[in-house]
Amino acid sequence: MPDRSTHCSMTFVGTATSVLRFGPITLLTDPNFLHRGQFAYLGKGLVSRRLTEPAVTIDQLPAIDAIVLSHLHGDHWDRVARRGLDRETPVITTPAATRALRRQGFAHAHGVATWESADVERDGHRLTVTALPGRHAHGLARRLLPPVMGSLLEYRPPSGRPVRVYISGDTLMIDELREIPRRHPEVDVAILHLGGTTLPGGLVVTMDGVQGADLVELVRPATAVPVHYDDYGVFKSPLADFRTELERRGLAPVATYVDRGQTVELAGAARRDERQYEGSTGGAE
């Protein structure tokens, strides 16, 4: 893993799992460390086989100050994570997931409702994690899937401007997302969970490439980083769908593509170029 002195960076592990560094603070997102060929449990008797290897194993991780978990599904919190992660590590997640994690022995799981925040502090530095809207399915199917949160991570270093990172979580485009740019108009990096995850019966429960591009237009980040698109058999919308849609809309320069195991800088993300978004309106169902 990169040296801890990295100011602000993202190391992509796989699926929606990343190591995010903000000064001395290190976060782990949606820990999924199953190996290729193993099955993730998705609830209601559904499973999906992993098609890729995570870039690192749990014992190769740096010291983690907190975990940000968008929701409790087997491709975001698996049995390897449950057994291998330090149970003293704080987990910031939904209230529903918090109850389950505490039963698993993670006593410091902390549930935050939408628009509520929790702070992570280390060596006098503070990172604020704010829960944002998210929804895994529309209609009656919503009741069959766990509650989901997006997250805004805001780091204010001792000097220089803040760094704001939006993590979508496993959401579809919904009207509630329109409130995000109203409350948080300056987003440096948007980490987007894509894949067009499709369950039996044709139920789509994560954004495909088109919806991912819609969310880029809505939030207008300086940089958009797609994740969660090729790791499981239920992911039906490949990364090429997102690339093609951004190119069609003239937004290709906004995207940064990160391979598993690769690290990209976040603090150096350029301010948003509004010219990239001229004529776009964004959209939600």
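The values are calculated or read from the model by the stated rules, or taken from the named source; none is laboratory data. Note that the structure is predicted; figures quoted are calculated from it, not measured. In this analysis, Cβ positions are derived from the backbone assuming ideal geometry, glycine residues included, and neighbour counts consider all displayed protein chains.
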### Message
Residue pairs, Cβ under 6 Å, 6 or more apart or interchain, first in the range 63-90 and polar (S, T, N, Q), second surrounded by fewer than 23 Cβ atoms within 10 Å (Cβ to Cβ). List them.
### Response
Thr89/Ile64
## Note on the structure
Per the filter on the range 193-203, residues over 14 Å from the mean Cα position of the chain (by Cα) and either within 14 Å of Met149 (Cα to Cα) or assigned to a loop (DSSP other than H, G, I, E, B) (or both) are Gly196, Thr197, Pro200, Gly201, Gly202
### Task
Please state which one of Ala141, Ala118, Ala137 is in contact with a strand residue (DSSP E or B) (Cβ under 7 Å, 6 or more places away or on another chain), over 18 Å from Thr206 (Cβ atoms) and in contact (Cβ under 8 Å) with a residue 24 or more places away in the chain.
Ala118
#### Entry: Hits in the range 172-192 - residues which are out of contact with any helix residue (DSSP H, G or I) (no Cβ under 7 Å at 6 or more places or on another chain) and part of a loop (DSSP other than H, G, I, E, B)
Ile174, His184, Pro185, Glu186, Asp188
### Query
Counting only residues that are farther than 22 Å from Val47 by Cα, among the small types (Gly, Ala, Ser) and assigned to a loop (DSSP other than H, G, I, E, B), how many does the range 74-125 have?
4
## Note on the structure
Within the range 18-60, residues buried (at least 23 other Cβ atoms within 10 Å of the Cβ) and of a type in the set (Asp, Glu) come out as Asp30
### Query
Name the residues in the range 221-246 that are touching a Ser or Thr at 6+ places or on another chain (Cβ under 8 Å) and of a type in the set (D, E, K, R), would you?
Asp230, Asp231, Lys236
### Summary
Note on the range 38-73: residues over 30 Å from Glu154 (Cα atoms), outside any loop (DSSP other than H, G, I, E, B) and modelled with pLDDT of 95 or more are Phe39, Ala40, Ser48, Arg49, Arg50
### Task
Look through Val13, Val47 and report the one residue that is touching a strand residue (DSSP E or B) at 6+ places or on another chain (Cβ under 7 Å) and free of Cβ contacts under 8 Å to residues at least 60 places away in the same chain.
Val47
### Task
May I ask you to list the residues in the range 207-261 that are in a helix (DSSP H, G or I) and hydrophobic (A, V, I, L, M, F, W, C)?
Val210, Ala213, Leu215, Val216, Leu218, Val219, Leu239, Ala240, Phe242, Leu246, Ala252, Val254
## Note on the structure
All conditions in (1) among the basic types (Lys, Arg); (2) modelled with pLDDT of 95 or more; (3) assigned to a loop (DSSP other than H, G, I, E, B) are true of Arg161 except (2)
#### Entry: Residue match in the range 147-169 (condition: loosely packed, with under 15 Cβ neighbours inside 10 Å, among the small types (Gly, Ala, Ser) and in contact (Cβ under 8 Å) with a residue 40 or more places away in the chain)
yes
#### Entry: Members of the range 134-153 that are among the basic types (Lys, Arg) and in contact with a Pro (Cβ under 9 Å, 6 or more places away or on another chain)
Arg135
